[in-house]
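Q: Dropping the structure in here first, questions after.
The values are calculated or read from the model by the stated rules, or taken from the named source; none is laboratory data. In this text the structure is predicted, and so the values were computed from the model without any measurement. Cβ coordinates were reconstructed from backbone atoms using ideal geometry, including for glycine residues, and neighbour counts include every protein chain displayed. Ligands, DNA and RNA are excluded from the accessible area calculation, which covers all protein heavy atoms including side chains. Shrake-Rupley method; radii C 1.70, N 1.55, O 1.52, S 1.80 Å.
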Amino acid sequence: MASHTLTPVHHHPQSLTQPFKSKTFKPQNLNCKNAIISSKLRVAVIGGGPAGSSAAEALAAGGIETFLFERSPEAAKPCGGAIPLCMLEEFAIPSHLIDRKVTQMKIISPSNLTVDFGKTLKPHEFISMVRREVLDSFLRDRAENRGANLIKALVTNIQLPVTEKSPYKIHYISNNTQNTLSVDVIVGADGANSKVAKSIKAGDYTCAIAFQERIKLPDHKMKYYENLAEMYVGNDVSPDFYAWVFPKCDHVAVGTGTISSKQNIKQFQGAIRNRVKPKIEGGKIMKSEAHPIPEHPRPIRVLGRVALVGDAAGYVTKCSGEGIYFAAKSGRMCGEAIVRASENGEKTIGEGDLKREYLKKWDNEYFCTFKFLDMLQRIFYRSNAGREALVELCGDEYVQRMTFESYLYKKLAHGNGWEDVKMAVSSIGSLIRCNVVGREIDEFRKRMELQF
Amino acid sequence: MSMAIFSPKLPTLAPPSSHFSNGKTHLNFKPYLSLGPAKKLNFQLFVSADNGSGVAATVADETPPPPPPDVISDESVGSNGSPPQAAPEEVAAEAVNTFQDARWVGGTWDLKQFSKNGSTDWDALIDAEVKRRKWMEDNPQSSSNENPVAFDTSIIPWWAWMKRFHLPEAELLNGRAAMIGFFMAYFVDSLTGVGLVDQTNNFFCKTLLFVAVAGVLLIRKNEDVEKIKKLLEETTFYDKQWQATWKDETPNKN
């Protein structure tokens, strides 16, 4: 595989760099470039996760010469691994990849009020739980089958082009040898610590941190989590997010996340373990893992002929912390945008094309969803009072239905007007009630403190 | 005795209260003779005459405290949560390390035990729940399937919440709204010559009224202005983060 990709690698840099060394004749430059480009547009996708693989697949399917870089195909990043129903269809994911079909979802409030969130799920509806290593390698294989060149290599440096039309040069280490590849367009899909983003100075985003332990449970305890996931909310487990218990193939993942007090993450992990204690007692921790989750999009998502997708761009929703679907979707959208703009690789493209075909479309389609979830997080994760209200609301069947419609099918669901009004009224009612209690708890606490 | 409590309030009106404690009475009391009613002066004299100048000092010392005790007692009456009672309960509960209250039965509050005069005492129920939630916050409990919690606040009727939520502030807000309404009507009348009755038929005036009511409701204290500003900033912050990538484009094109 490596030898196959090496041939163009050695060929291109020479032929491209030589004309640029003599930069006196600009028009000549362009002619040279066009002559070389006339073969096909060359695109490098950095990062072989769901975002990168989907982008590579779309690109290769559109007849573009595609190189997919992945550092270590065997490893996958720790991740909840929940994917919505519509992704199975849209990305043709076979059912044997799915470890668990979650049909029950419990949300537990700080005062331990427990609500079954999955009451209104229809028989054919479920939340799929996958292992990332399995899903990622499946998507990567598919991209390769479509014609993308998979390069198992660590990208060390990306050299930006000197002129508007000259190529990007990617330096990478493969099999302990340094290589270089010249490409016209780069799709950055290399996650939160994106090298691509750094090299184009795309700016930073704040990150939340997620911590997760894989715990192997005794059989009788595992049975409880067979098709059930749990979400815990409360100041004890996370000041601004939720903690979870997700079922995996033969174990459960217990974890929590936070933005505002990352240094306390161990303490929150201890707290969630305490909250689920009777249900996971006797389990053995197989592995603990932590990873950053972007909180908002990067200041720059497209620059020159570089586009960022997935976590690298910052497409993770607030509130639910969902990222796999949006990663895969943004990758595909970006790939298709490049195919369209370049007319199947026949034309060169520029920043304007990427912005128009990919970024604009993406923002039009998903900004509202992201914004809405940001608002929900602000309202309901702000304090324990808000969390109590959230759990109360989740008991309502209409709320559940609308949430699942939106989550599973990734469209803001259209309910009927009257029910919507009722939902709004009951939300406000719950919030007021729980805030009254919350306020009095604070007053009560103050009085107690005065006493001692 | 109650008169003695009332009387100290009078000295607070006089600028330097320390003068009273000094016992140099004659010069200080003279203005009272001319300004204040004779009766009140008599009490003052009576008190100081009874206990001597030393006690006059304690009376003066007592003058500031009365308002705080009033506030405290009002609060504790309002929420019914008497701290001395709560403290032993907490200690007892901590020892067992699950929440325990005789009225908490099977994961919810036993409404029968909250009945007072044949109807449920919702106020007491809210107090109990406040205490329980505080306790849970301080001692997070494992959720268990054997003893599920089923209580949520929607059991309590809305009027019980209204009382809690609204009453303490209603007086103030109503008064404020009435004043603003009156003066707005006055100014609109004086500026435009549109009378009060005509104003109610006017769209502009209706909008003004709406703005006034919303303003009174939203801005109850001075800090509320800051709070609202902060909220607005927070909500637009995420938009800005999303739009950041489009910002460079406009100058480039120009």
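Q: Can you tell me which residue in region A:295-341 is farthest from A:Lys201 (Cα to Cα), limited to those that are outside any helix (DSSP H, G or I) and among the acidic types (Asp, Glu)?
A: First, the residues of region A:295-341 that are outside any helix (DSSP H, G or I): A:295-309, A:314-323.
From the residues that got through so far, the ones that are among the acidic types (Asp, Glu) too are A:295, A:322.
On the way: A:Glu295: 18, A:Glu322: 26 Å.
The qualifying residue farthest from A:Lys201 (Cα to Cα) is A:Glu322.
Q: For region A:154-206, give me the residue count where each residue is without any contact (Cβ under 8 Å) to a residue 12 or more places away in the chain and small (Gly, Ala, Ser).
A: Taking region A:154-206 and keeping what is without any contact (Cβ under 8 Å) to a residue 12 or more places away in the chain, we get A:176-177, A:198.
If we keep only those that are small (Gly, Ala, Ser) as well, we get none.
Count: 0.
Q: Quick check on my filter: what residues within region A:347-386 are of a type in the set (S, T, N, Q), over 18 Å from the mean Cα position of the chain (by Cα) and in a helix (DSSP H, G or I)?
A: First, the residues of region A:347-386 that are of a type in the set (S, T, N, Q): A:348, A:364, A:369, A:377, A:383-384.
Then drop every residue that is not over 18 Å from the mean Cα position of the chain (by Cα), which leaves A:348, A:364, A:383-384.
If the condition is that a residue be of a type in the set (S, T, N, Q), over 18 Å from the mean Cα position of the chain (by Cα) and in a helix (DSSP H, G or I), then A:Asn364, A:Asn384 are the ones that fit.
Q: Given the structure, is A:Val245 open to solvent by less than 30 Å² (accessible area, probe 1.4 Å), within 11 Å of chain B (Cβ to nearest Cβ) and under 20 Å from A:Ile209 (Cα atoms)?
A: On the way: open to solvent by less than 30 Å² (accessible area, probe 1.4 Å): yes; within 11 Å of chain B (Cβ to nearest Cβ): yes; under 20 Å from A:Ile209 (Cα atoms): yes.
For A:Val245, the condition - open to solvent by less than 30 Å² (accessible area, probe 1.4 Å), within 11 Å of chain B (Cβ to nearest Cβ) and under 20 Å from A:Ile209 (Cα atoms) - is met.
Q: Could you list all residues from region A:395-452 that are closer than 30 Å to B:Ala160 by Cβ and acidic (Asp, Glu)?
A: Those that are closer than 30 Å to B:Ala160 by Cβ and acidic (Asp, Glu): A:Asp396, A:Glu397, A:Glu419, A:Asp420, A:Glu440, A:Asp442, A:Glu443, A:Glu449.
Q: How many residues does region B:220-235 contain that are in a helix (DSSP H, G or I) and touching a Leu at 6+ places or on another chain (Cβ under 8 Å)?
A: So in region B:220-235, the residues in a helix (DSSP H, G or I) come out as B:222-235.
Filter once more, so that each one left must be touching a Leu at 6+ places or on another chain (Cβ under 8 Å): B:224, B:228.
Final tally of qualifying residues: 2.
Q: Quickly run through region B:193-214 and pick out the residues that are surrounded by 13 or more Cβ atoms within 10 Å (Cβ to Cβ) and over 11 Å from B:Gly181 (Cα atoms).
A: Hits for region B:193-214 are B:Val194, B:Asp198, B:Gln199, B:Asn202.
Q: Just checking, does region A:159-166 include any residue being open to solvent by less than 10 Å² (accessible area, probe 1.4 Å) and either away from every other protein chain (no Cβ under 14 Å) or at pLDDT below 90 (or both)? Explain how you work it out, then say what you get.
A: Quick first cut of region A:159-166, residues open to solvent by less than 10 Å² (accessible area, probe 1.4 Å) only: A:166.
Adding the requirement that they be either away from every other protein chain (no Cβ under 14 Å) or at pLDDT below 90 (or both) leaves A:166.
So far as region A:159-166 goes, yes, one or more of its residues are open to solvent by less than 10 Å² (accessible area, probe 1.4 Å) and either away from every other protein chain (no Cβ under 14 Å) or at pLDDT below 90 (or both).
Q: Any chance region A:414-430 includes a residue that's touching a residue at least 12 places away in the same chain (Cβ under 8 Å), crowded, with 19+ Cβ neighbours inside 10 Å and not β-branched (Val, Ile, Thr)?
A: Taking region A:414-430 first, the residues touching a residue at least 12 places away in the same chain (Cβ under 8 Å) are A:415, A:419, A:422-423, A:426-427, A:430.
Among the residues that remain, those that are also crowded, with 19+ Cβ neighbours inside 10 Å are: A:430.
Applying the additional criterion that residues be not β-branched (Val, Ile, Thr) yields A:430.
For region A:414-430, residues touching a residue at least 12 places away in the same chain (Cβ under 8 Å), crowded, with 19+ Cβ neighbours inside 10 Å and not β-branched (Val, Ile, Thr): present.
Q: Continuing with the same structure: Out of the residues in region B:169-188 that are touching a helix residue (DSSP H, G or I) at 6+ places or on another chain (Cβ under 8 Å) and open to solvent by 60 Å² or more (accessible area, probe 1.4 Å), which is farthest from B:Arg220 (Cα to Cα)? Lay out the reasoning, then the answer.
A: Within region B:169-188, the first condition is being touching a helix residue (DSSP H, G or I) at 6+ places or on another chain (Cβ under 8 Å), and the residues that meet it are B:173, B:176-177, B:180-181, B:184-185, B:188.
Next, only the ones that are open to solvent by 60 Å² or more (accessible area, probe 1.4 Å) stay: B:176, B:180.
Values: B:Arg176: 10, B:Ile180: 13 Å.
Restricting to residues being touching a helix residue (DSSP H, G or I) at 6+ places or on another chain (Cβ under 8 Å) and open to solvent by 60 Å² or more (accessible area, probe 1.4 Å), the top hit is B:Ile180.
Q: I need the strands (runs of 3 or more DSSP E) fully contained in region A:65-160, keeping only those with at least 1 residues that are more than 21 Å from A:Tyr224 (Cα to Cα).
A: Values: elements: A:65-70, A:100-102, A:104-108, A:114-116, A:127-129, A:149-152, A:154-159.
The strands (runs of 3 or more DSSP E) meeting that bar are A:65-70, A:149-152, A:154-159.
Q: Another question, if that's okay. For region B:102-144, give me each residue that is open to solvent by 70 Å² or more (accessible area, probe 1.4 Å) and either within 7 Å of chain A (Cβ to nearest Cβ) or not small (Gly, Ala, Ser) (or both).
A: Result: B:Val105, B:Lys112, B:Gln113, B:Lys116, B:Asn117, B:Asp138.
Q: Quickly run through region A:118-145 and pick out the residues that are open to solvent by 20 Å² or more (accessible area, probe 1.4 Å) and over 23 Å from the mean Cα position of the chain (by Cα).
A: Going through region A:118-145, the residues open to solvent by 20 Å² or more (accessible area, probe 1.4 Å) turn out to be A:119-124, A:126, A:131-134, A:137-138, A:141-142, A:144-145.
Those that are open to solvent by 20 Å² or more (accessible area, probe 1.4 Å) and over 23 Å from the mean Cα position of the chain (by Cα): A:Lys119, A:Thr120, A:Leu121, A:Lys122, A:Pro123, A:His124, A:Asn145.
Q: Looking only at region B:152-162, count every residue that is within 7 Å of chain A (Cβ to nearest Cβ) and in contact with a Leu (Cβ under 8 Å, 6 or more places away or on another chain) and tell me the total.
A: Counting residues in region B:152-162 that are within 7 Å of chain A (Cβ to nearest Cβ) and in contact with a Leu (Cβ under 8 Å, 6 or more places away or on another chain) gives 1.
Q: Please state which of the following conditions A:Glu281 fails to meet, knowing it meets all the rest: (1) open to solvent by 30 Å² or more (accessible area, probe 1.4 Å); (2) closer than 11 Å to A:Ile215 by Cα; (3) touching a strand residue (DSSP E or B) at 6+ places or on another chain (Cβ under 6 Å).
A: (3)
Q: In region B:146-155, what residues are over 16 Å from A:Val391 (Cβ atoms) and either touching a residue at least 12 places away in the same chain (Cβ under 8 Å) or open to solvent by less than 70 Å² (accessible area, probe 1.4 Å) (or both)?
A: Pass one, region B:146-155, residues over 16 Å from A:Val391 (Cβ atoms): B:146-147.
Result: B:Asn147, single match.
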